[in-house]
1. Taking segment 33-71, which residues are farther than 18 Å from residue 5 by Cβ and out of contact with any strand residue (DSSP E or B) (no Cβ under 9 Å at 6 or more places or on another chain)?
2. Since residue 79 meets every condition but one in (1) away from ligand 2 (no atom under 16 Å from the Cβ); (2) part of a strand (DSSP E or B); (3) within 17 Å of residue 150 (Cα to Cα), which condition does it not meet?
3. In segment 1-24, what residues are free of Cβ contacts under 8 Å to residues at least 12 places away in the same chain and either more than 16 Å from ligand 2 (Cβ to nearest atom) or within 23 Å of the chain's Cα centre (by Cα) (or both)?
4. I'm trying to understand the selection: among the residues of segment 166-213, which are in a strand (DSSP E or B), farther than 19 Å from residue 141 by Cα and away from ligand 1 (no atom under 16 Å from the Cβ)?
5. Could you please let me know if residue 73 is free of Cβ contacts under 8 Å to residues at least 40 places away in the same chain and within 16 Å of ligand 2 (Cβ to nearest atom)?
6. Determine which single condition residue 43 fails, assuming it passes every other condition in (1) more than 24 Å from residue 169 (Cα to Cα); (2) out of contact with any helix residue (DSSP H, G or I) (no Cβ under 9 Å at 6 or more places or on another chain); (3) within 16 Å of ligand 1 (Cβ to nearest atom).
7. Determine whether segment 102-116 contains at least one residue that is under 25 Å from residue 162 (Cα atoms) and surrounded by 12 or more Cβ atoms within 10 Å (Cβ to Cβ).
8. Give segment 119-138 a look and list any residue that's surrounded by 15 or more Cβ atoms within 10 Å (Cβ to Cβ), in a helix (DSSP H, G or I), at pLDDT 90 or above and under 32 Å from the mean Cα position of the chain (by Cα), or say none.
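The values are calculated or read from the model by the stated rules, or taken from the named source; none is laboratory data. Quantities reported herein were computed from a predicted structural model and do not represent experimental measurements. Every residue, glycine as well, gets a Cβ built from its backbone with ideal geometry; the counts of neighbours run over all protein chains shown.
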Ligand SMILES: Nc1ncnc2c1ncn2[C@@H]1O[C@H](COP(=O)(O)OP(=O)(O)OP(=O)(O)O)[C@@H](O)[C@H]1O
Ligand SMILES: [Mg+2]
């Protein structure tokens, strides 16, 4: 078990800065997810923690030790990758045992470890099979077992589920969460899938262009984003964001330097009546463009003078082209400055009751 600390860590390839001055403490025993778009520096960060890549600057600490000069084999970290790289000619047992033989662990102890770990990951009955006789999920479990027998202080996993189909991926997510609970070891997990990040992590680090955008618990990242990048990256459909200028007539006196306004698709209400009695709500006369029915709920795309936006609603679908008023309570609006940084305390002077018509 160990805490991981990155202090001013950066990575350059020639002149390209791919990881830019990271300062992070990954809590001992946490399931921390590193998420961000392709190319943002996630794998590079993991590889630096594991020692497979030398950082260009800064310090990496694992537990009480600065590991800048510690080779990968001595860092007590186990890695699991997207392609699990199993030895095809060896059995499951052979694959799990390989690292232990290398570490000169005596045979009786090896056998005991293999038994114990394969029980945990549900591989006991597959120990004598070869990798090609296993399903994708079972192979992934072998890769996990191989990492686990080393009893590492830290697990780092780089998109380990991306080769699996949607159903199996869902199942393996749950298994990994349970595995983490059972082991209590620090997990650092990389994905570009925000749904995976939200459902698995107890801490999420959002990375963009090598820089941390936010580090928080999932609900905080969703409800309290630091900036437009995080607000749009987390959540499906994404938060609707538009220029403040377009709606300023309808939001009385915001007392800060606001450039952009946003709201989550589920926080808006669609009204199909002629007039809407609204107090302290932003109301936008709109037209329905498209509808995507997801069973219980429908995602509407609407158009209005502020732009196109998505609304998530339990209302039954209507015909395209229908007029509707979109209303969003003022307290559900998010405000951002010109750079996209969240303005948390932009207070709105509340309006007096009004009837707004105009469908
Ligand atoms: N050996 C290398 N030489 C030069 N540039 C590299 C090297 N390795 C990675 N990069 C660059 O560093 C950036 C970050 O790469 P990295 O693999 O960390 O991204 P990632 O966030 O893991 O992306 P993905 O989600 O696609 O796996 C990319 O722009 C990539 O092109
Ligand atoms: Mg990667």
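1. 38, 71
2. Every condition holds for residue 79 apart from (1).
3. 14, 15
4. Of everything in segment 166-213, just one residue is in a strand (DSSP E or B), farther than 19 Å from residue 141 by Cα and away from ligand 1 (no atom under 16 Å from the Cβ), namely 203.
5. no
6. (1)
7. Checking segment 102-116: not a single residue is under 25 Å from residue 162 (Cα atoms) and surrounded by 12 or more Cβ atoms within 10 Å (Cβ to Cβ).
8. Matches in segment 119-138: 131 only.
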